Structures are given as C-alpha cells and as structure tokens.
Amino acid sequence: MPLHKGPEQPAKRPATVNPFYGEANPVSGMTEAPPQHRLPDGPLPPSTAYQLVHDELMLDGNSRLNLATFVTTWMEPQAGVLMAECSDKNMIDKDEYPRTAELERRCVAMLADLWNAPDPSAAVGCSTTGSSEACMLAGMALKRRWTKRNADRYPGARPNLVMGVNVQVCWDKFCNFWEVEPRLVPMEGDRFHLDPQAAAELCDENTIGVVGILGSTFDGSYEPIAELCAALDELQSRTGLDIPVHVDGASGAMVAPFLDEDLAWDFRLPRVSSINTSGHKYGLVYPGVGWALWRSAAELPEELVFRVNYLGGDMPTFALNFSRPGAQVVAQYYTFLRLGREGYRAVQQTTRDVAMGLAERVEALGDFRLLTRGDQLPVFAFTTAPDITSYDVFDVSRRMRERGWLLPAYTFPENRQDLSVLRVVCRNGFSSDLAELFVEDLGSLLPELRQQQHPLARDKGAATGFHH
C-alpha cells in the first residue's frame, strides 16, 4: 500500500452537509459539519455518515472504464452476497471457521491440478492477500533453500535473484526487504521481456532462483518459461549449478491453462519450483486474493511454516499477514465452482477476442503502431506511429481521461527508455460494446490532436496514470 502523510495545513474549508441528511429534523444537529482530518467529537447518524462518504467517492474514476488495472471490476451479485456474508470471518482462525479453511484447501488442490503438479496431493500452497505477498513468500522459500545449501558460506556470500527488468515492483521490494541482489536482464530492441540465455549467464553459485513472468504487465506478453528452463538445464550440465525457477503467473496462470493448453510453463517443467497467481486478476475475484503453490513440501522449508496455538487450535501458517477476511477466498471457490474449466475457457476466450479485435481497430486508425496484439494476455500495448509528431501517448492518455477512460501511458525501462506506450487491459466485463465506444472516442480525438504544434505533456511522470 502507498504511504500517506497527514495534511500539511488545516483544511481551508469544512465539509458541507445537505440539511436533508438529518434523521428527522433537517436543522437539528447539522449546524456544524464534521472535521475531515481529526475524529469528530461525537457520532453521526449512519445515513449521514454513509452519504458523506458516498458523495466524495463519486469523484473516483469508473472502475469498469479503467484500462490500466488488471484487477477484477465485475462479479455476479451472488458472489457479492457471499462476500458480504463472510466479511466478518477471520481467515486465519481455522479452528473457528473450519469450512472457510476447507474451501481454501480445495482451491489449492484445484490449482495444483490445473497447473499440472506431478502429484497434486503432494503440492502445498496457501492463499494470500494478492500476488505481491505470494511473490514475497516464494522468494523467501527460494532464499531459505539457498542458505541451507550454502550454510558454510552464508551470511558472507550475498544471494542474488535473476529476473527481467520488466518484473512487477513487488520483486524489487522483495530484494530490498530480504537483502537479495537483483540481477536484471535488460530489454533489447523489440524484446520487451527476459531472454533465457541472458538470464542463465547472470546465474552463479549465489543465485537463489530465476523468476519467469507469465504475462508481463508492460505489454501482456508471456516470457518463454520452457526455454528458460532449458537454458538452466544446459547451465547445470556445464557447471553443476541447479537453479530453480519461480513462475510469476499473476495474470497468465489463470489464462494459459484454459486458452494455451499445449504451452509448457507450469509444473510439467521439472525446474519449476513454485507458481503464484492473483485470484483477483484473471482469477475473476474482487481484490484482494492471491495464491502461492510449491511443487511439493520439499520446495517449502518447514522452518518457514509457523504452527500457532491460536483461538483453541493448532494452525500451520505461512504468510506475511495474519488476520484477514475470508470473503475473497470464499469468492474464489464460488467462481471455481460456478465456471469450471469450460466456463473459464469461455470467459477468457471472449476477453482475448475483445482484446485482439480492439487492437486491430486501434491499428486501423493509422496513427498508432502495435507492440503486442492481445493474443497472449488479453492485453496490448501501442505507441504513436513514426510520422506522428504533433502529439504523443501522454496527450492521448490525458484526452481520453476527459471522456472517462483511464488509459495508462508510460515509458519503458532501461535500454528502451526511448519508448513510451499506451496499454489496454481487457477484463471480463469489458465487452465488445465498450470496446466499440473506446475506439469511437479515441478516433474522435485524433483530428484535434493532429492539429497540435507539438506534444503538450511536459512532465512525463505526472502525465501517466500507470505506476509500475
């Protein structure tokens, strides 16, 4: 979560309250608005408190039109009811809420089967608050296994983790928090993610693992996990170094099993030690829930698992968080039960079809060049064509926001900082009708943008709504 500070100066104006929000008398008790940066002296009627919060939140963007986020923005009403019924259940209290714990166990078993674990009953896993926590847990397991293998050299030797420069920021956080050296494979030319051979060349005796991304957030492309494993197999044959792979499948691990069944990226590859995904992305659940799975108990050191006598029961747990609601786990089980394999396949195929069709429509406008086409993740990135000099992607993002669309514009990292792009994330609920409206709005802006003398967005950092 972002860090926030208190106000630098007192509010210049108090909040205003509609007199009709008074419970019975529209004047009584409404003579002074509640403060915004300190606790009020007394309580408010629930309807008044609700309306104050509700009205302020109307100024937020429409989540359904947010093309920056991978996070689920629509679920069926029945899922919402289940989540409301479980919002007061503390997920960590397995003894008090054994059926919620059982649904979590079933979800892990379903994912182990979906990701082709050699023995799904031997795979171990847990729910998390999202992929960021799942990645942290996977990284911790990699580091602990490495330190046990190198007890004679650690803590003198510094462990490192190899990954592409395109990884999500949670991996930078992991390396910072757990004192691991990040070794980043840069982008080169039109390759916007990790190169397997370059990754293998960065490995040495201090490498705890290599991270492969099944669905880069920069452009929606899959990293070549099988080729990465093959490069590490060859490295082991030459040097004896046995480097495990963790697959960050935040998005793709809930897309590829249904749409790309022949693609080898999961536990079918013996070098893949662990996988994570976000249930609240293409797992089709509201935030926040993630999942982390290990091939077997051997990949998750026992000393990382805490067994706590909590509220009357022995509870094994592996998590950075402790108390959290069971609602999202219940919603994940509901969605697995509701859709099944064929339902997920239909939903994800529809989303991919929308993405690919929209990418073609954007390309047909003539002002843009596609980097990806939505044929892996239902995500595509595009930039302005070489002959477009009157405006840039940041101008497009700003003008589309005026129409209600949150269309992120951002610059690529080291080695391709010359490249600034727009990215569209298609999710369940972003229909072909909405895609048609998006193209109409984008096309209607182009005549005016073409008449500009030069791009108007000076501060590129402030111009983008995307912060990787």
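The values are calculated or read from the model by the stated rules, or taken from the named source; none is laboratory data. Keep in mind the model is a prediction, meaning the values are calculated, not measured. Here Cβ is always computed from backbone atoms with ideal geometry, including for glycine, and neighbour counts include all displayed protein chains. What goes into the accessible areas is simple: the full protein's heavy atoms, side chains included, and nothing from ligands, DNA or RNA. Shrake-Rupley method; radii C 1.70, N 1.55, O 1.52, S 1.80 Å.
For beta carbons closer than 6 Å, sequence separation of 6+ or different chains, a first residue in segment 271-291 that is free of Cβ contacts under 8 Å to residues at least 60 places away in the same chain and a second that is not in a strand (DSSP E or B), the qualifying pairs are R271/C229; R271/L232.
Let's see how each residue does on (1) part of a loop (DSSP other than H, G, I, E, B); (2) among the hydrophobic types (A, V, I, L, M, F, W, C):
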residue	(1), (2)
V362	no, yes
P386	yes, no
E436	no, no
S444	no, no
A457	yes, yes
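Scan segment 391-420 for residues that are farther than 16 Å from R64 by Cα, over 19 Å from the mean Cα position of the chain (by Cα) and open to solvent by less than 20 Å² (accessible area, probe 1.4 Å) and jot them down. Scanning segment 391-420 gives Y391, V393, F394, D395, V396, S397, L419. Counted as qualifying within segment 246-360 are the strands (runs of 3 or more DSSP E) with 1 or more residues that are open to solvent by 30 Å² or more (accessible area, probe 1.4 Å) and among the basic types (K, R), namely 306-310.
For segment 344-358, taking the residues that are among the small types (G, A, S) and within 22 Å of the chain's Cα centre (by Cα), the one that is nearest to T383 (Cα to Cα) is identified as A355.
With respect to (1) open to solvent by less than 70 Å² (accessible area, probe 1.4 Å); (2) in contact (Cβ under 8 Å) with a residue 60 or more places away in the chain; (3) within 24 Å of C175 (Cα to Cα); (4) assigned to a helix (DSSP H, G or I), the lone exception for S127 is condition (4).
Under the condition of being among the β-branched types (V, I, T) and farther than 15 Å from H280 by Cβ, which residue from segment 51-81 is surrounded by the most Cβ atoms within 10 Å (Cβ to Cβ)?
Step by step, filter segment 51-81, then rank; the result is V81.
Can you tell me which residues in segment 369-382 are open to solvent by 10 Å² or more (accessible area, probe 1.4 Å) and either without any contact (Cβ under 8 Å) to a residue 40 or more places away in the chain or not in a loop (DSSP other than H, G, I, E, B) (or both)?
Here is the first cut: in segment 369-382, the residues open to solvent by 10 Å² or more (accessible area, probe 1.4 Å) are 369-373, 375-376.
If the condition is that a residue be open to solvent by 10 Å² or more (accessible area, probe 1.4 Å) and either without any contact (Cβ under 8 Å) to a residue 40 or more places away in the chain or not in a loop (DSSP other than H, G, I, E, B) (or both), then R369, L370, R373, D375 are the ones that fit.
Looking across segment 190-205, the residues that are free of Cβ contacts under 8 Å to residues at least 60 places away in the same chain and of a type outside the set (D, E) come down to R191, H193, L194, P196, Q197, A198, A199, A200, L202, C203. Taking segment 142-234 and the strands (runs of 3 or more DSSP E) fully enclosed by it, the elements with 3 or more residues that are open to solvent by less than 30 Å² (accessible area, probe 1.4 Å) are at 160-164, 207-213. Being at pLDDT below 85 and open to solvent by less than 20 Å² (accessible area, probe 1.4 Å) is the filter; apply it to segment 82-107 and report the residue that is farthest from P316 (Cα to Cα). Among those residues, the one meeting the criterion is M91. Which pairs have Cβ atoms under 6 Å, sit 6 or more apart or on different chains, and link a residue in segment 83-99 that is in contact (Cβ under 8 Å) with a residue 40 or more places away in the chain to one that is part of a helix (DSSP H, G or I) and polar (S, T, N, Q)? Listed pairs, sorted by first residue: K89/T100.
From the list E205, E188, the one residue that fits, being acidic (D, E) and modelled with pLDDT under 95, is E188. In segment 30-45, the residue that is most open to solvent (accessible area, probe 1.4 Å) out of those that are at pLDDT below 85 and within 36 Å of the chain's Cα centre (by Cα) is Q36.
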